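S.K.: Quick one: this structure, given as structure tokens, is what I'll be asking you about.
The values are calculated or read from the model by the stated rules, or taken from the named source; none is laboratory data. Remember, it's a predicted structure, so these values are computed and weren't measured experimentally. Glycine gets a Cβ as well: all are built from the backbone with ideal geometry, and neighbour counts include every protein chain shown. Just so you know, the surface numbers come from the protein's heavy atoms only, side chains and all, with ligands and any DNA or RNA stripped out. Shrake-Rupley method; radii C 1.70, N 1.55, O 1.52, S 1.80 Å.
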Amino acid sequence: MNHYIDKLESLGYPIDDIPAPGGLYKPVTVVGCIAYVSGAVPVSQGLLKFGGKVPSDLDLATAQQAAALCAANNLRVVYQSLGSLDSIIRVIRLTGFVNSQPDFTDQHLVINGASELLKHVFGDTGIGVRSAVGVAQLPLGSAVETELILELSA
């Protein structure tokens, strides 16, 4: 185990709870020293843990927990693909999608849940550029989805 995995697990996200792909795609594609990580929804042990619209079905704090679980799932599929998290140098980009009520405008605060998890795991190199987008619906009725772009060591 490496210290990134230890940090992730200390936050309550066991590394072996790896989500299965929900469609026909690769969870991670590496091009040179860049890893592109497909979107992850807040599933654990094969079940959607946070569904519905924000804020009518989930309050802000719960939606932030959903975002953190999504980011943990992104890291879990990287671990599954690469066999380690050791080669991650930094998070380049985090993109977050929030299943939002039409008048909800705090998507950026929801995605802070994912950003905070990445900062806890990687320190300052866990914070990269970011977008937080409100959408009408997400796969499985999920409340949140995140995707990552990571820089890897050569």
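S.K.: Return yes when F97 is among the aromatic types (F, W, Y) and in contact with a Ser or Thr (Cβ under 9 Å, 6 or more places away or on another chain) and no when it is not.
M.R.: Against the criterion (among the aromatic types (F, W, Y) and in contact with a Ser or Thr (Cβ under 9 Å, 6 or more places away or on another chain)), F97 qualifies.
S.K.: Something else now. Kindly indicate the residue of segment 100-128 that is within 14 Å of the chain's Cα centre (by Cα) and among the aliphatic types (A, V, I, L, M) and also nearest to D6 (Cα to Cα) among those meeting that condition.
M.R.: V121
Residues checked against (1) under 13 Å from the mean Cα position of the chain (by Cα); (2) closer than 15 Å to V110 by Cα; (3) assigned to a helix (DSSP H, G or I):
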| residue | (1), (2), (3) |
| --- | --- |
| P14 | no, no, no |
| P21 | no, no, no |
| A35 | no, no, no |
| S38 | yes, no, no |
| L58 | no, yes, no |
| A66 | yes, yes, yes |
| V78 | yes, no, yes |
| L94 | yes, yes, no |
| V98 | yes, yes, no |
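S.K.: Hey, can you tell me all the residues within segment 96-154 that are within 15 Å of N74 (Cα to Cα), of a type in the set (F, W, Y) and open to solvent by less than 40 Å² (accessible area, probe 1.4 Å)?
M.R.: F122
S.K.: Are there any pairs, at least 6 apart or on different chains, whose C-beta atoms fall under 6 Å, with the first in segment 72-85 and charged (D, E, K, R) and the second assigned to a loop (DSSP other than H, G, I, E, B), and if so, which?
M.R.: What qualifies is R76/I18.
S.K.: G83 is checked against (1) in contact with a strand residue (DSSP E or B) (Cβ under 8 Å, 6 or more places away or on another chain); (2) at positive phi and fails just one. What number does that condition carry?
M.R.: (1)
S.K.: Scan segment 53-66 and tell me whether some residue there is in contact with a Ser or Thr (Cβ under 9 Å, 6 or more places away or on another chain) and open to solvent by 20 Å² or more (accessible area, probe 1.4 Å).
M.R.: The answer is yes; a qualifying residue exists.
S.K.: Return the pairs, sorted by first residue and then second, in which the second residue is among the hydroxyl-bearing types (S, T, Y) and buried (at least 19 other Cβ atoms within 10 Å of the Cβ), the first residue lies in segment 126-142 and is at negative phi, the beta carbons are less than 7 Å apart, and the residues are 6+ apart or on different chains.
M.R.: Matching pairs, first to second residue: I127/S115; R130/S115; G134/S100; V135/S100.
Here is a yes/no grid of residues against (1) at pLDDT below 95; (2) under 22 Å from A154 (Cβ atoms):
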{"site": "M1", "(1), (2)": "yes, no"}
{"site": "L11", "(1), (2)": "no, no"}
{"site": "D16", "(1), (2)": "no, no"}
{"site": "L24", "(1), (2)": "no, no"}
{"site": "V28", "(1), (2)": "no, yes"}
{"site": "G32", "(1), (2)": "no, yes"}
{"site": "A40", "(1), (2)": "no, no"}
{"site": "Q45", "(1), (2)": "no, no"}
{"site": "L48", "(1), (2)": "no, no"}
